[in-house]
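Visitor: The structure that follows is given in the form of structure tokens.
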Amino acid sequence: MLRHIAESEPLRPGVLAVRLSVEASHVTRQLRQLEQAGHVVRVPDPEDRRAQRVQLTEAGLDAVECMREVRRRGMEAALATWSPEDLGRLAGLFGRLVDDFVRHAEIEIDGRPASVPPGTGT
């Protein structure tokens, strides 16, 4: 949750719930814990003063950076014994995976390209 907030802060809790594909009540509960830990604060939404947005505190930014560093070190350790050839193959396949993912992400679940309006055929 902190990573999502860090990537697009500040944002409304409802938007965060949609991005995480969870119920709003789950986000509310988690945000309360993150607030108590000093990682996030709620701020007025400049577009609608009745609403609130969530943003990271300095402690929240530090926590996100710590998580990134742990992931980086873990990946580094996992790949430490790989040969240069294996690393090259991994890089090539990963690039292919990203390209294929981006191409397929543009297709709706029912198989129509995202640019084709519903009911108009292929």
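Visitor: Over the chain, what percent of the accessible surface lies on carbon and sulfur atoms, probe 1.4 Å?
Guide: Numbers: 5140 of 8940 Å².
The value for the chain is 57 percent carbon and sulfur by accessible area.
Visitor: Still on this structure, I have one more. List the residues, sorted by chain then number, that are 5 or more residues from ARG53 or on another chain and whose placed amide H is less than 5 Å from its amide H.
Guide: VAL43, ASP45
Visitor: If I model a spin label at LEU61 and GLU85 as a point 7 Å from the Cα along the Cα→Cβ vector, what separation in nanometres do I get?
Guide: That separation, rounded to one decimal, is 4.6 nm.
Visitor: So if I place +1 on the C-beta of Lys and Arg and -1 on the C-beta of Asp and Glu, and nothing else carries charge, what would the dipole magnitude of the chain be about its Cα centre? I want it in debye, nearest 20.
Guide: Details: 17 positive and 19 negative charges, 64 e Å.
The calculated dipole for the chain is roughly 300 debye.
Visitor: Starting from 0.36 nm per residue, how many nanometres of slack lie between ARG72 and GLU106 once their C-alpha separation is accounted for?
Guide: Numbers: separation 34, 0.36 × 34 = 12.24 nm, distance 2.91 nm.
Going from the current span to full extension adds 9.3 nm.
Visitor: Using 1/(1 + (r/R0)^6) with R0 = 41 angstrom and r between the beta carbons of PHE94 and ASP48, what's the FRET efficiency to the nearest 0.05? Mind dumping the intermediate values first?
Guide: Values: r = 41 Å, r/R0 = 1.00.
Given R0 = 41 Å and the Cβ-Cβ separation, E is 0.50.
Visitor: Return the inverse of the average 1/r over all pairs of distinct C-alpha atoms in the chain, which is the Kirkwood hydrodynamic radius, in Å to one decimal.
Guide: On the way: mean 1/r = 0.0558 Å⁻¹.
About 17.9 Å for the chain.
Visitor: Let me ask something else. Return the calculated 222 nm mean residue ellipticity for the chain, to the nearest 500 deg cm²/dmol, obtained by summing -39500 (n - 2.57) across DSSP H runs with n ≥ 4 and dividing by the residue count.
Guide: Numbers: 5 runs with 72 residues, N = 122.
About -19000 deg cm²/dmol.
Visitor: Another one. Please calculate how many Å² of accessible area the chain carries per residue, with a 1.4 Å probe and no DNA, RNA or ligand atoms counted.
Guide: Details: 8940 Å² over 122 residues.
Per-residue value: 73 Å².
Visitor: Convert each backbone phi in region 16-26 into a coupling constant with the Karplus relation 6.51 cos²θ - 1.76 cosθ + 1.60 (shift: θ = phi - 60°), then list the ³J(HN,Hα) values in order as whole Hz, x for Gly and Pro.
Guide: Here the 3J(HN,Hα) series is 4, 4, 5, 4, 8, 6, 10, 5, 4, 4, 5 Hz.
The values are calculated or read from the model by the stated rules, or taken from the named source; none is laboratory data. Just so we're clear, the structure is a prediction, and the values are computed from it rather than from any experiment. Glycine also receives a Cβ, built like all others from the backbone with ideal geometry; neighbour counts cover every protein chain displayed. The area values use the complete protein model at the heavy-atom level, side chains included, leaving out ligands, DNA and RNA. Shrake-Rupley method; radii C 1.70, N 1.55, O 1.52, S 1.80 Å.
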